[in-house]
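Peer 1: First the structure, which I've put down as structure tokens, then a few questions once you've had a look.
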Amino acid sequence: MAERSIDTDPGRSSLSGAALPYNEMQTAEGAIRQHYLALDRRVATLEPEDLAERQKTLERFFLLQGITFTVYGAESSTERIIPTDLLPRIIPAEEWARIEAGLTQRLCALNMFLADIYGEQQILMDGVVPRELVLSAPSYRREMQNLFVPHQAYANVCGSDLIRQPNGEFAVLEDNLRVPSGVSYMLANREASRRTFPGTFRAAGVRAIDRYPDLLLTTLKSMAADWRPNPQVVVLTPGVYNSAYYEHAYLARLMGVPLVEGRDLVVHDNMVYMRTTTGLRRIDVIYRRVDDDFIDPLTFRRDSGLGAAGLFNAYRAGNVVICNAPGTGVADDKAVYAYVPEIIRYYLGEDAILPNIETYLCREPAQLSHVLANLDKLVVKAVGASGGYGMLIGPHASAKERADFGDAIKADPENYIAQPTIQLSTAPCLMDGEIEPRHVDLRPFILSGDKIVVTPGALTRVALKKGSLVVNSSQGGGSKDTWILAADPKDAQL
Amino acid sequence: MMLARVADSLYWIGRYVERAEHMCRLSDVMLNATLDRTDAAVQVARIALAAVGDKNVDKASSPYDAAFALALDRQDPGSITSSLALARENARQVRDQITTETWERLNLIYLRMTGPGAAKAFADGSSAFLHDIIADLHLFRGAADATMSHGEGWRFLLLGMYLERAELIGRLLKVCFGDARRGPIDDHFALTGLLRMSCALEPYLRRYTADVQPRLILEFLMFDEDFPRSIRFSTARIEEHLAAASRSAGHAGPERLAGRLKARLQYADVENFDLGTASTILNTVLDECAAIHTSVYETFVAYSLEMRLPA
């Protein structure tokens, strides 16, 4: 092997004694995995300056496109791009096939679960999931009870977070059924990496993801197609100051539908309209990127200026479809998560294809005492929080932090769950000119309307800090392109 | 069909881009003048500052500082960098409505103007700096023209540009010829400075030769049919774009105003006008441009809902 290849060191673990993380590129013996060979060879031929140059071109592409967030300073504000890594993460066809089947199964069951708890509540009566766990969750929306949702497709867009365990098996860390974001980064990363490694890309047979906007539009239209022949779809954004605004505008532009804000909407006679230059125009499907709480000040938070007054009533009346449906959050609640394998078995009579991470519910006394006794080994999460906030990573925390968190758990055990510290797998990343392993996760995107479609691609999030296991962009994470290989390279573009 | 808010944003992108380009030219002429003759330079600087609405005439004695502030002062809402930041902010809000090519041009200008190297670039060569911005803004217009659909959104963009242009040229001419206390400017150096500020020197020379006279300049900048910065040319475009937008809206209010203004300039008695009547016409132009602006807003953007609700 050439001197300067993507040779990552598998022995570099931040946790002594814990299982070594799975290395995406190399086997434990140090051999390059088959599906990384071509990339490794290509990188070995490049001088460090070449790599740096390509990295610069990549960053310039993001800056020019305006895929940025603004850092407001005292003197002036500057635009920063979300850190993006040059080297793609590669997943072979047979591994993807399993992920795809697992994700489809999971979303199918979760949609059935939502239809059930907002309907007959059979699963609660059968005692599979504790009733009070569901009904007391803040994300449970009483207003959704007995409301018809076409195709029982509650979570039209789902972005699940998968991690690869030390044994090489993928597991689900979290389901995101509310307003998952990141798909624009998946698409932009792809556009950039096609330019960075064109030859390797072509030869590898990477499956195409550029149909995502088209599939999303088809999914959204399928939610209203039964009663409106050519439904008017819009994307609802909180506005230009939202950190995901770029994505909202990007999806609207690629779907060719209007990007609306709350102030553009008018509800009259339980119909939703948008203000156009030529008067009011009726809307049939709203792909909303605004949280439940803010979509309608009459039904939910009264101080919200981001939604439209009366929107929920129009939805109840069946005159407009809101995607994702309000109240889907109850199915990705961190405590309900522990029951998902049971939920899959209950509705589909199958074992879960993708396993869960072992989860301790602090609401159960026996599990609580186990958690408190093992705080130094566990990751503890507040049920209501997301984005890497409200979290204790036991092995990395100080004794005082652990003691404080322990008190917080004892004070409100229902609000906490705990999981063993999982060593996320590592992938090679370009760090200041050096190729080094960093921990990564995987967020694929699943669409459900009249049918469930898994996009053959994903966002790979990277924990940029050495040894860090936190990949959230709010906590110093970055991303990289993800190549899903076709079983037969000739089929990649079909 | 287009969202009212989106039409409003596109309209303002047009206005801010036009304003930024005009300011660049004013600053450039002002700085250039200081290289030649000191007396006239102060007069040119005074014209430029008065045309951008700066009441503080003392600044004319230090044109470099004035130009620097006009270009890069982010605290001043009237500076070039503020105009470009506002244009780009509006573009971001309608990112889904403008093509990537168009967006990239504007984003690039913005990044250059607000980047850490801007002040140094201006200090190293203010003229080259301002020229580059003007050239980039031309690329922006070109990208919009070549890649955007020439539909409703594009029309609102151009409507903003031409309305702003008519007002800017109108105000500049008023400063030069409509000031009763100072009297019209007649210095040759100041007059060519005025033509440069309007980007009109070469087209003027081709039309009237090197015979530079206040009356001919007014005739050219107000009534010329083909020169793209004459008020007549601008009002004709305003009428054209508004007529097309109104047709789909079914509201003739702003179109009527624009048609009247266009006709005023088209059928003006050019042979028999003097500096006095010019001043009257300029006031009318500025008033009617303001009226068109208000009417556009009330008709397309902030209309009352009661009139438009379905029965």
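The values are calculated or read from the model by the stated rules, or taken from the named source; none is laboratory data. Given the structure is predicted, the values throughout are model-derived calculations rather than measurements. Reconstructed Cβ throughout: ideal geometry from the backbone, glycine too, with neighbour counts over all protein chains shown. Heads up: the accessible areas ignore ligands, DNA and RNA and are worked out on the full protein's heavy atoms, side chains in. Shrake-Rupley method; radii C 1.70, N 1.55, O 1.52, S 1.80 Å.
Peer 1: A:Lys480: which lysines have alpha carbons under 21 Å from its alpha carbon, excluding same-chain residues fewer than 8 sequence positions away?
Peer 2: A:Lys56, A:Lys465, A:Lys466
Peer 1: Calculated FRET efficiency, A:Ala208 and B:Asn56, Cβ-Cβ r, R0 60 Å, to nearest 0.05?
Peer 2: Between A:Ala208 and B:Asn56 the formula returns 0.50.
Peer 1: Another question, then. Before rounding to the nearest 500, sum -39500 (n - 2.57) across all DSSP H runs of length at least 4 in chain B and divide by the residue total; then give [θ] at 222 nm in deg cm²/dmol.
Peer 2: Taking each H run of at least 4 residues, the total per residue is -23500 deg cm²/dmol.
Peer 1: Which one, A:Ser160, A:Val233, B:Thr114, is farthest towards the positive end of the dipole of the protein assembly as shown when Lys and Arg carry +1 and Asp and Glu -1 on their Cβ?
Peer 2: So the residue furthest toward the plus end is A:Val233.
Peer 1: Can you list which of the DSSP-assigned H helices in chain A have a Cα extent of 27 Å or more along the long axis and an average Kyte-Doolittle score of at least -1.0? Write out the running numbers ahead of the final one.
Peer 2: Working: long enough: A:93-117 (36 Å, 0.34).
Length and hydropathy pass: A:93-117.
Peer 1: Here is a further query. As an exercise, use a Förster radius of 30 Å and the Cβ-Cβ distance of A:Asn270 and A:Leu215 to find the FRET efficiency, rounded to the nearest 0.05.
Peer 2: Taking R0 as 30 Å, the efficiency between A:Asn270 and A:Leu215 is 0.50.
Peer 1: Does segment B:163-311 classify as rounded, prolate or oblate by the C-alpha gyration tensor (a ≥ b ≥ c root eigenvalues; a/c under 1.5 gives rounded; else a/b over b/c gives prolate, otherwise oblate)?
Peer 2: Prolate, since a/c reaches 1.5 and a/b exceeds b/c.
Peer 1: OK, next. Taking a ≥ b ≥ c as the square roots of the Cα gyration tensor eigenvalues, with a/c under 1.5 meaning rounded and otherwise prolate when a/b beats b/c, else oblate, which class fits chain A?
Peer 2: oblate
Peer 1: If you don't mind, another one. Could you give the length gained on full extension between B:Asp226 and B:Tyr267, defined as 0.36 nm per residue of separation minus the Cα-Cα distance, in nm? Before the final figure, lay out each step's value.
Peer 2: Details: separation 41, 0.36 × 41 = 14.76 nm, distance 1.49 nm.
Stretched out fully, the B:Asp226 to B:Tyr267 stretch lengthens by 13.3 nm.
Peer 1: A drop of at least 10 square angstrom in accessible area, chain alone versus all protein chains together, probe 1.4 Å. Which residues of segment B:1-47 meet that?
Peer 2: For segment B:1-47, once contacts with the other chains are taken into account, B:Met1, B:Met2, B:Leu3, B:Ala4, B:Arg5 lose 10 Å² or more.
Peer 1: So which residues of segment B:135-178 lose at least 10 Å² of accessible area, probe 1.4 Å, when you go from the chain by itself to every protein chain present?
Peer 2: With the partner chains in place, segment B:135-178 has these residues losing at least 10 Å²: B:Glu152.
Peer 1: Within segment B:221-311, what whole-number % of the accessible surface is contributed by carbon and sulfur, with the 1.4 Å probe and all protein chains included in the calculation?
Peer 2: On the way: 2240 of 4390 Å².
Reported share for carbon and sulfur atoms: 51 percent.
Peer 1: How many angstrom separate the Cα center of segment B:58-116 from the Cα center of segment A:383-447?
Peer 2: Between the Cα centres of segment B:58-116 and segment A:383-447 lies a distance of 42 Å.
Peer 1: Quick one: accessible area per residue over segment A:363-420, 1.4 Å probe, rounded to a whole number of Å²?
Peer 2: Value returned for segment A:363-420: 50 Å² of accessible area per residue.
Peer 1: Tell me, what ³J(HN,Hα) does each residue in segment B:173-179 have, in order and in whole Hz, if you take phi through Karplus 6.51 cos²θ - 1.76 cosθ + 1.60 with θ = phi - 60° and put x for Gly and Pro?
Peer 2: Those phi angles translate into 5, 5, 4, 7, 10, x, 8 Hz.
Peer 1: I'd like the residues of segment A:52-68 whose 1.4 Å-probe accessible area shrinks by no less than 50 Å² going from the isolated chain to the full set of protein chains.
Peer 2: Output list: A:Leu64, A:Gln65.
Peer 1: Can you give me the C-alpha center-to-center distance between segment A:295-368 and segment B:160-233, rounded to a whole angstrom?
Peer 2: 66
Peer 1: Taking only protein heavy atoms into account and a 1.4 Å probe, give the accessible area per residue of segment B:163-311 in Å².
Peer 2: Ligands and nucleic acids excluded, the result is 46 Å² per residue.
Peer 1: Given H placed 1.01 Å from N in the peptide plane, which residues other than close sequence neighbours of B:Asp54 have an amide H under 5 Å from its amide H?
Peer 2: When sequence neighbours closer than 5 places are left aside, there are no close amide H contacts.
Peer 1: Here is a further query. For A:Gln232, which sequence-distant residues (separation of 5 or more, or a different chain) have an amide H within less than 5 Å of its own amide H, given hydrogens modelled in the peptide plane?
Peer 2: Long-range HN contacts for A:Gln232: A:Asp284, A:Val285.
Peer 1: Same structure, new question: Grab the DSSP H runs of chain A that are 4 residues or longer, score each as -39,500 (n - 2.57), total them, divide by all residues and round the 222 nm result to the nearest 500 deg cm²/dmol.
Peer 2: Result for chain A: -8500 deg cm²/dmol, rounded to the nearest 500.
Peer 1: Go ahead and run the numbers for FRET between A:Glu191 and A:Ser369, Cβ-Cβ distance against an R0 of 45 Å, rounding to 0.05. It would help to have the intermediate numbers written out before the result.
Peer 2: On the way: r = 51 Å, r/R0 = 1.14.
After rounding to 0.05, the efficiency reads 0.30.
Peer 1: Next question, about the same structure. List, largest first, the extents of the alpha carbons of segment B:13-111 along their principal axes, each in whole Å.
Peer 2: Dimensions of segment B:13-111 along the principal axes of its Cα atoms: 50, 23, 18 Å.
Peer 1: Given +1 on the Cβ of Lys and Arg, -1 on the Cβ of Asp and Glu, and no further charges, what dipole in debye does segment B:163-311 carry about its Cα centre, rounded to the nearest 20? Each step should come with its number before you reach the end.
Peer 2: Values: 18 positive and 21 negative charges, 49 e Å.
Dipole magnitude for segment B:163-311 comes out near 240 debye.
Peer 1: Determine the gain in length on full extension of the stretch B:Met307-B:Asp211; use 0.36 nm per residue of separation and subtract their C-alpha separation, reporting nm with one decimal.
Peer 2: Extra length from B:Met307 to B:Asp211 when fully extended: 29.0 nm.
Peer 1: Another one. Label A:Glu49 and A:Ser243 with points 7 Å out from Cα along Cα→Cβ: what is the distance between them in nm?
Peer 2: Distance between the two pseudo-spin positions: 3.8 nm.
Peer 1: Given axes a ≥ b ≥ c from the Cα gyration tensor, I'd like to know whether segment A:130-262 is rounded (a/c under 1.5), prolate (a/b larger than b/c) or oblate.
Peer 2: Verdict is oblate for segment A:130-262.
Peer 1: Using only Cα atoms, locate the centre of segment A:153-227 and the centre of segment B:255-297, then give the distance between them in Å, rounded to an integer.
Peer 2: 56
Peer 1: Report ³J(HN,Hα) in whole Hz for each residue of segment B:219-227, in order, from the Karplus equation J = 6.51 cos²θ - 1.76 cosθ + 1.60 where θ = phi - 60°; Gly and Pro get x.
Peer 2: Once θ is set to phi - 60°, the couplings for segment B:219-227 become 4, 5, 6, 9, 10, 5, 7, 10, 6 Hz.
Peer 1: Looking only at other chains, what is the average number of their beta-carbon atoms within 10 angstrom of each beta-carbon in A:86-93?
Peer 2: 0
Peer 1: In whole percent, and with a 1.4 Å probe on the protein chains, what portion of the accessible area of segment B:129-219 is carbon and sulfur?
Peer 2: On the way: 1920 of 3780 Å².
Answer for segment B:129-219: carbon and sulfur cover 51 percent of the accessible area.
Peer 1: May I pose another question? Ranking request for peptides B:112-119, B:191-198: highest mean number of other beta-carbon atoms within 10 Å first, then the rest in descending order.
Peer 2: Ranked from most to least packed, the peptides come out as B:191-198, B:112-119.
Peer 1: OK, next. Return the carbon/sulfur percentage of the accessible area of segment A:363-420, one whole number, probe 1.4 Å, all protein chains in place.
Peer 2: 55
Peer 1: Still on this structure, please answer the following. With labels modelled as points extended 7 Å from the Cα through the Cβ direction, what inter-label distance (nm, one decimal) is found for A:Glu401 paired with A:Asp126?
Peer 2: Each label point is offset 7 Å from its Cα along the Cβ direction, giving 4.2 nm.
Peer 1: How many Cβ atoms of partner chains, on average, are near each residue of A:277-286 if near means within 10 Å of its Cβ?
Peer 2: Numbers: counts 21, 14, 12, 6, 3, 1, 0, 0, 0, 0.
Counting Cβ atoms of other protein chains within 10 Å of each residue's Cβ and averaging gives 6.
Peer 1: Just how large is the dipole of segment B:11-85 about the Cα centre, in debye to the nearest 20, putting +1 at every Lys and Arg Cβ and -1 at every Asp and Glu Cβ?
Peer 2: Computed charge dipole of segment B:11-85: roughly 160 debye.
Peer 1: With +1 assigned to the C-beta of every Lys and Arg and -1 to the C-beta of every Asp and Glu, and no other charges, what is the dipole magnitude of the protein assembly as shown about the Cα centre in debye, to the nearest 20? Let's see the in-between values first.
Peer 2: On the way: 86 positive and 102 negative charges, 153 e Å.
In total the dipole reaches around 740 debye.
Peer 1: Rounded to the nearest 100 Å², what is the sum over both chains of accessible area buried where A meets B, with a probe of 1.4 Å?
Peer 2: The buried area between A and B, both sides summed, comes to about 3100 Å².
Peer 1: Let me ask another. Of B:Tyr208, B:Val270, B:Phe227, which is farthest towards the positive pole of segment B:163-311's charge dipole, taken about the Cα centre with +1 and -1 on the beta-carbons of Lys, Arg and Asp, Glu respectively?
Peer 2: So the residue furthest toward the plus end is B:Phe227.
Peer 1: How many partner chain Cβ atoms sit within 10 Å of a residue's Cβ in peptide B:94-101, on average, as a whole number?
Peer 2: On the way: counts 4, 11, 14, 5, 1, 1, 4, 0.
If you average over the peptide's residues, the count of other-chain Cβ atoms is 5.
Peer 1: Identify, among B:Ala7, A:Leu464, B:Ala244, the residue whose Cα sits farthest towards the positive end of the charge dipole of the protein assembly as shown, taking +1 on the Cβ of Lys and Arg and -1 on the Cβ of Asp and Glu, with the dipole about the Cα centre.
Peer 2: My answer, from the dipole projection, is B:Ala244.
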